[in-house]
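Colleague: Pasting a structure below so you can have a look.
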């Protein structure tokens, strides 16, 4: 199964887990990290407001594109970072789960999952300056 410029099965095999179609791989090795909330600016391009809440939500297409780009970025970053710090392979199942959510068009859930992975990667980057810049 090919996704976002990478091979899901190869990514799962690299992490030491089996990619089973229709089955999330998150529980295979690590719990889902807490996803940070990111406030969106009101009136930004591609953002539609919700009446009465003052909150802004991105359109489905914007959310899809941004989530896909972030997934690709994480995948490419991990390709460079895992040889430096092999323990980072432990986040691959969480990223695979985000890909499954993306493929199921659950873009908000996928983005939250991916942001949790980014948070872990950021903490690793702070601890090991030899890792590539995020």
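Each value in this text was obtained by applying a stated rule to the coordinates, not by laboratory testing. Bear in mind that the values here come from a model prediction, so they are computed numbers and not experimental data. Cβ sites come from the backbone with ideal geometry, for glycine too, and all protein chains shown count toward neighbours.
Colleague: Would you check which residues across the stretch 101-124 are out of contact with any helix residue (DSSP H, G or I) (no Cβ under 8 Å at 6 or more places or on another chain), surrounded by 13 or more Cβ atoms within 10 Å (Cβ to Cβ) and without any contact (Cβ under 8 Å) to a residue 12 or more places away in the chain and list them?
Modeller: 106
Colleague: Counting only residues that are within 10 Å of the chain's Cα centre (by Cα), free of Cβ contacts under 8 Å to residues at least 60 places away in the same chain and surrounded by 18 or more Cβ atoms within 10 Å (Cβ to Cβ), how many does the stretch 66-100 have?
Modeller: Of the residues in that region, 4 qualify.
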